Amino acid sequence: MPPPRAVPTRPALSSRTLYRLHRLLEPNGLYRFVARVVERHAWLRRPFTRTEESVKRKVFGCRMCGQCALPVTGYACPMTCPKQLRNGPCGGVLPDGGCEVYPGERCVWLIAVERAEAGGHAGDLERLHRPIDQRQWGESSWINYWQGRDDGLWTEPGGRATPVDLGLPVLVTGKGDRER
Amino acid sequence: MIVSGSGLVEALRAGRFVVTAELGPPRGADTDVVRKKGRALRGWVDAVNITDNQGGFVRLSSLAGSLVLLDEGVDPVMQLTARDRNRIALQSDLVSAAALGVRNVLLLSGDHPSYGDHPDAKPVFDLDSTQMVWTARNLRDHGQLLSGRSLDPPPDLHIGAVENPFAPPVGFRARRLAKKVRAGAEYVQTQLVFDVGAFAGWMAEVRDLGLHERAHIIAGIGPIVSPQALEHMRTKVPGVHVPDAVATRLLRAGTEGFTEEALRVCAESIHRIRAIEGVSGIHLMAFGREHLIPEIVDRSGLDRSRFDMNACGSRERSADAG
Ligand code: SF4
C-alpha cells in the first residue's frame, strides 16, 4: 500500500508524554531479540508492522518511512512535510506558520521546533540527518531501531557553531553492510 | 575544458563586497535570451545565477544556461533543486557541471511542483537541501559518492545554499543555516530583503553563531516594479515578506513613479545592508527585468571597476562548439 499523502500533522499526544514513553521503548537485549525473531518470520512481522502503522498513523500521521526521526524532532513526523525535509523547515513557510503546499496546515517543522524547545530538547534540532534509505518504506521502524540500525541516521547535536569538522558518518546504502 | 578560477570565488576570497544576479532561462529551445542577458550583465556583477525550473515551471536547464554564460565570459552559479532529481541524478549533475567548468552550485529544496505548470508531476525530494550540500562536500572533499564508492577526479565545487531569514520559525533560521554551514555550505544567498531591520536582527544571530566567518552571506535584493508585482509578491511568492511601510511607500509613488521608487528602495537597502557586519555581498533578483540590474548596481554606489571583466574570459571555444 503506498503511503498516504504527505500533509503536515500535529501529533495527538504531548511531547512530554512521548519523551517519557520513549524511555520504555529504548533498545535493550529483550527488544533486540524480539525484533530479530519478529523480522525473521513473516507471519509475525506483518501483524507487528501493521500494528505499528495503525498506532503511529493515528498519533503522528506516520507514513512508515521505516527510519523514524521522531525521537529528535519533538515527535512531529518530518515525513508528513510535503517535501520530506529531515533537516528543518523550507524557506516557504507562510507568515502565519502555514505550510507552503497546504496553507491551512501548520508547518510540521514549526511544530517540531516548538515541541523540542519546550521539552528542553533544542539541541536535537542541530543534528544533521543523513539521507534515508528509500527501500525501507513500509518496513517497521521499531524493528530497525531495536536492532541498532538507526544509529547513524543523525549526528550528535552540533553545539553552537563549532568550527570543527563533525566527521559526518559515511553514508551507507547497501543492505548487507549497514554497520560502519 | 576546465576554466581555472571563478569570478565569485576570487571576489569572495579577496574580501570584496560581491554582487550576484539571478537570470531565469527561457521556455524554449533557444539559448539566445540567456546569451543576451548574460552579456548585458557582464562587467556589472561577479556571477549570475541560473535558476532551476523555477517555481516548478519547465525551462531550459540550469546546466545548459550555465554553459551559455561561461561561453559569454560570465561566471555562472548553477542552481539545483531537490524537487526533480534523486541522489543519482544530483551527483551526476554536480560532477558534470564541474567537469564542464561550472564551479558555483547553489543547492536548494525547491518549490513544490503543486505551484508549477506540472502539478501532476511526482515530487522527488529524495534528499533535502542540507543533505544535498553534504553530498556535494562529500564528493569534493572525499571524492566519494553517497554509496561510498570513490570518484576520480573529484569535482571542484564552490558549494552554496539559501536561507530565508523572514520565514517562521524566525528564531530558528540562523540555527538552520548553521546546519547547512556545518554540512559544507561556503556561501549563502538569502531570500529577498525588504525589511532591513529584521535582516539585521537575523545577521546578529548569524554572527553570534560565527557563521559569517565560515560562510559568505549574500543578501537578496530585488525591485518591485509595478503594483501588480507588489500584489504578486505579497500573496503568491512563498517566503517573501514585504513590510507595510515599503508597500505604502511604493504605492504612494503612483503607477508612473513606481519603478523609480522601487529602484530607490533597492539602492537604499543595499546601502544599509553594506553597513551590517558580516554581509559579503548582494544577490539581485529582478524577475525577468534583468536590464534593471546595472541600474541598481550603479545607483547603489558600488564601484563597477572592481569587477573583473575577464573573470572567465580566458575560456576559448571554437565557434561551432558553442
Ligand atoms: S517512521 Fe518515518 S513516517 Fe513514521 S513517524 Fe517515524 S519518521 Fe514519520
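The values are calculated or read from the model by the stated rules, or taken from the named source; none is laboratory data. None of these values were measured; they are calculated from a predicted model. Counting neighbours? That spans all protein chains shown, and the Cβs are built from the backbone with ideal geometry, glycine included. With ligands, DNA and RNA removed, areas are computed over all heavy atoms of the protein, side chains included. Shrake-Rupley method; radii C 1.70, N 1.55, O 1.52, S 1.80 Å.
Annotations
- Yes/no for A:V55 being open to solvent by less than 40 Å² (accessible area, probe 1.4 Å), modelled with pLDDT of 95 or more and either assigned to a helix (DSSP H, G or I) or more than 10 Å from the ligand (Cβ to nearest atom) (or both): no
- Of all residue pairs spaced 6 or more apart or on separate chains, those with beta-carbon atoms under 8 Å, a first member in the stretch A:109-132 that is facing chain B (nearest Cβ under 7 Å) and touching a residue at least 12 places away in the same chain (Cβ under 8 Å) and a second member that is open to solvent by 30 Å² or more (accessible area, probe 1.4 Å) and assigned to a helix (DSSP H, G or I) are A:L125/A:E117; A:L125/B:R175; A:E126/B:R175; A:P131/B:R87.
- Within the span defined as the stretch A:61-80, every residue fails to be more than 8 Å from the ligand (Cβ to nearest atom) and charged (D, E, K, R).
- A:T155 passes every criterion in (1) at pLDDT 95 or above; (2) facing chain B (nearest Cβ under 9 Å); (3) away from the ligand (no atom under 14 Å from the Cβ); (4) within 29 Å of A:T49 (Cα to Cα) apart from (1).
- Any hit, the stretch B:226-247, residues being under 25 Å from B:N49 (Cβ atoms), touching a residue at least 24 places away in the same chain (Cβ under 8 Å) and touching a Gly at 6+ places or on another chain (Cβ under 8 Å): yes
- Taking first residues from the stretch A:60-74 that are away from every other protein chain (no Cβ under 14 Å) and partners that are of a type outside the set (F, W, Y) and near the ligand (Cβ under 6 Å from one of its atoms), the Cβ contacts under 7 Å between residues at least 6 apart in sequence or on separate chains come to A:F60/A:L70; A:F60/A:C77; A:G61/A:C77; A:C62/A:K56; A:C62/A:C77; A:G66/A:S141; A:C68/A:S141; A:L70/A:C77.
- Residue within the stretch A:94-102 that is closer than 26 Å to B:Y115 by Cβ, open to solvent by 30 Å² or more (accessible area, probe 1.4 Å), more than 16 Å from the ligand (Cβ to nearest atom) and touching a residue at least 24 places away in the same chain (Cβ under 8 Å) present: yes
- Against the test of being modelled with pLDDT of 90 or more and touching a Gly at 6+ places or on another chain (Cβ under 7 Å), the options B:R214, B:R264, B:R207 yield a single qualifying residue, B:R207.
- Within the set B:A89, B:A121, the sole residue that is open to solvent by 40 Å² or more (accessible area, probe 1.4 Å) and more than 9 Å from every other protein chain (Cβ to nearest Cβ) turns out to be B:A121.
- Any hit, the stretch B:291-301, residues being open to solvent by 20 Å² or more (accessible area, probe 1.4 Å) and in a strand (DSSP E or B): no
- Checking A:Y31 against (1) hydroxyl-bearing (S, T, Y); (2) away from every other protein chain (no Cβ under 12 Å); (3) more than 11 Å from the ligand (Cβ to nearest atom); (4) more than 17 Å from A:D150 (Cα to Cα), the condition it does not meet: (4)
- On the stretch given as the stretch A:90-108, residues that are within 15 Å of the chain's Cα centre (by Cα) and within 7 Å of chain B (Cβ to nearest Cβ) total 0.
- Reported count of residues in the stretch B:181-236, each being over 17 Å from the mean Cα position of the chain (by Cα), β-branched (V, I, T) and farther than 29 Å from A:H129 by Cα, is 4.
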